[in-house]
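Take a look at the structure set out below.
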Amino acid sequence: MAPSFDHLREADLDDDEYDEDEVDISDLRAKYEVQLEQGFDTFVVVDGLPIVTDEQKPKLVKFLLKKLQSVGRVHDDSIEMPMGEDGKSQGFAFIEYSSAGEAAAAVRQLDNVALDKRHTLRVNKLTDIERYGREGRIHDDYEPPHIDEFEPRDHLRSFLADPSGRGRDQFVMYRGDNVAVAWNNEKDQHEIIVDRPNWTESFVQWSPLGTYLTSVHIQGVQLWAGPNWDRVGRFPHPYVNLVAFSPQENYLVTWSNRPISISEEGHPSLSIDDDGKNYVIWDIATGKPLRSFANIDLPTGLDGLDGAKAPQRKQPWPAFKWSSDDKYVARLTQGQSISVYETPRMNLLGKTTIKIEGVMDFDWAPARPQREGVKTYEQLFCYWTPEIGSNPAKVGLMSIPSKEIVRTLNLFSVSDAKLHWQSEGAYLCIKVDRHSKSKKSQATTLEIFRVKEKGVPVEVLDTIKDTVINFAWEPKGDRFIIITTTDPVGPTAVAPKTSVAFYCPEKAKGNAVGNFKLLRTLEKKNSNAIYWSPKGRFVVVATVHSQQSSELEFFDVDFEGEKPESDKDMTANLQLVNTADHYGVTDVEWDPSGRYVATWASAWKHSMENGYHIYNFKGELLREEPIDKFKQLQWRPRPPSLLSKDEQKSIRKNLREYSRVFDVEDSERVIGANKEVVERRRQQLEEWLEFCVSMEEEREAERELLGVSRDVVAEMLRAKTAELGAVQDQEKVVEEIIEDVIEETEEIVQ
């Protein structure tokens, strides 16, 4: 209780010589005065509660407390549930938490949470309700909301219906200040669909299924879609740097290196809780933020066997990784834990993080692998930890939501590890860089988890003597390629010499997959990048970002020609189909159909011979487009096929019959193009003849105007022609050749 200062004031009145202004008691007030809580930041309003009577109210309060206390401290007397004149509750309650932070957490974590099968909680801050009232958004009298008439929207996947009927693919180009989306026309000039200046301020990016085109601006991110390229989404994250979608396009993650700053005027989408944060996760359908996060201060390193510290790492991207069905999103706190959140509530799975000492990296399986003997729903992710003290390095495979560790593998003498999932989640390869005891040399082993097989067996390939600088699985297949080098890894003045090795399984009985074996090794290369066709089988091995070499090699791993005797037991037949060269190439990307490959030299990397090339899957150059200030090209992804596996198998079986139809269509298109050329020439001839007739009519009109007959004009023309002929005769040139003997000698030869 605050002390009373009334006695001081009474003393002042009794003493006439006392001057109140001479006594300063501000220090006493500051020391003893009680600072009461200002405002209502600790209060929330919970709506959507069941209607109960006075007898049922204690039971509801007890049940509600279990939900409320999951995010903060709430007492029974901190719940105020108004009752109506009929003796029943009105479906809402006022809740007081012990701090404003707990109240904010309640709004974030309990809003839209199901209380039971028929009731869903709606939680809001009391201060927000007052603010809406001050802004005139809440009225004393109920006004029914205005519902606009339904307006059908454009089909967001209309791009799948190519108007030409040829099943062409689209790509986006960013050159200069212009962004354009175009149809690919094989050998012919691309067909521009839309071309807009200043469409983006940074870069453009397709969503994973090709539904949206993303433009990035200082104010935030915008999504564009439909045949008219209308804006279908706005996500105001100031100074956004990077954007990432969830695999099924339900959510969007934005990141800025500048923390969010909420001014006194507020923000159209973000709240004061987002102030100081760097990441925002958005719901694409509603355009609303689900949750925001700050950057994590990364450790400078973890103690190794020799006590050395690893260098500090940059903020990883993507910082948030998604399960294949968008149901979970996870974030790594390096060296400590992995936090798995459930969407769309963004609450921690099991209300706790997964503590993993020393964890360095993790990655979700890109698809549900459906392990043998497991019938319940699960998603898998893998992680690895380095050697800490006397403990070995470890790779783990964890099942979500149970958090059960499915498989672990201990590793020794580990310098680094990389996680590589096969596209269907059937295999997981751990590329382990190992050092010798003296730490002067380094080699690589490949630890391959066979995820779908019972017990998840691990196959080890330890015959690789050099350092692996690149690894890539065949999409929807079981073959992979590695690039190795004996030179030190890192930037060098001269491109390092590399070797390209192709691996595939041996043939096995039934549907089983045999052990992985080396198929072929190509020595003395400069290659540093691997680009598989999204349909598998074809692959481009390239040299990018190099001033010394820019070679592209096109391989077919299922070549239909004769197989060498040494490869009879292998599930592949490797053949170099073609080679090409694109000077200054910086990027390579296959179209989603696997028919074409685009290579380009980006002005973001260098300013020499910018532009792009288009090749077919056989490595034949179809088109070369030099474009000044060319920055970026991206093929528009396609969603998964709606055909079943049996239907796709039937199409492959009858592919020759389909190819005949396509050949006829191609020939008709060529004939049609030739007819178009002939028709265009005929039209030009007719225009020329019409022009000649019009000129003759003008001359005839002039003759009539001047009163000159055709005979007089003809006589004048003949006279003029004769005059010109006479002049030409007079000016006839006569050519005369003169020979002079300068010197003459005579020599007798015996």
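When you check GLU378 against the structure, is it of a type in the set (D, E, K, R), surrounded by fewer than 20 Cβ atoms within 10 Å (Cβ to Cβ) and free of Cβ contacts under 8 Å to residues at least 24 places away in the same chain, yes or no?
Values: of a type in the set (D, E, K, R): yes; surrounded by fewer than 20 Cβ atoms within 10 Å (Cβ to Cβ): yes; free of Cβ contacts under 8 Å to residues at least 24 places away in the same chain: no.
So GLU378 does not fit the description; no.
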- Item | strands (runs of 3 or more DSSP E) within the range 322-418 that include 3 or more residues among the aromatic types (Phe, Trp, Tyr), out of contact with any strand residue (DSSP E or B) (no Cβ under 6 Å at 6 or more places or on another chain) and at pLDDT below 95 | none
- Among PRO58, PRO144, PRO50, which is surrounded by 13 or more Cβ atoms within 10 Å (Cβ to Cβ) and farther than 29 Å from ILE272 by Cα? PRO50
- Looking at (1) surrounded by fewer than 18 Cβ atoms within 10 Å (Cβ to Cβ); (2) farther than 19 Å from TRP635 by Cα; (3) of a type outside the set (A, V, I, L, M), find the lone condition where LYS535 falls short. (2)
- Note on the structure: Expected single match for free of Cβ contacts under 8 Å to residues at least 40 places away in the same chain and in the same structural domain as PHE555 (by TED's automatic domain parsing) among TRP600, TRP635 is TRP600
- Check on SER246, under 23 Å from the mean Cα position of the chain (by Cα) and small (Gly, Ala, Ser): yes
- So which pairs qualify, if the first residue must be in the range 266-291 and under 18 Å from ASN124 (Cβ atoms) and modelled with pLDDT of 95 or more, the second must be of a type in the set (A, V, I, L, M) and surrounded by fewer than 16 Cβ atoms within 10 Å (Cβ to Cβ), the Cβ gap must be under 7 Å, and the two must be at least 6 apart or on different chains? none
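For the structure I just gave you, tell me whether PRO386 is closer than 18 Å to PHE412 by Cα, in contact (Cβ under 8 Å) with a residue 24 or more places away in the chain and buried (at least 16 other Cβ atoms within 10 Å of the Cβ). Please lay out each step first, then the result.
Details: closer than 18 Å to PHE412 by Cα: yes; in contact (Cβ under 8 Å) with a residue 24 or more places away in the chain: yes; buried (at least 16 other Cβ atoms within 10 Å of the Cβ): yes.
Yes.
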- Query: Which numbered condition trips up GLU676, out of (1) closer than 21 Å to ASP188 by Cβ; (2) among the acidic types (Asp, Glu); (3) in contact (Cβ under 8 Å) with a residue 60 or more places away in the chain?
  - Reply: (3)
- Item | Scan of the range 609-630 for residues that are assigned to a strand (DSSP E or B) and buried (at least 19 other Cβ atoms within 10 Å of the Cβ), ordered by number | GLY611, TYR612, HIS613, ILE614, TYR615, PHE630
- Task: Check GLU80, GLU96 and return the single one that is more than 22 Å from LEU290 (Cα to Cα) and free of Cβ contacts under 8 Å to residues at least 24 places away in the same chain.
- Result: GLU80
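The values are calculated or read from the model by the stated rules, or taken from the named source; none is laboratory data. Please read all numbers here as calculations on a predicted model, not as lab measurements. Glycine gets a Cβ as well: all are built from the backbone with ideal geometry, and neighbour counts include every protein chain shown.
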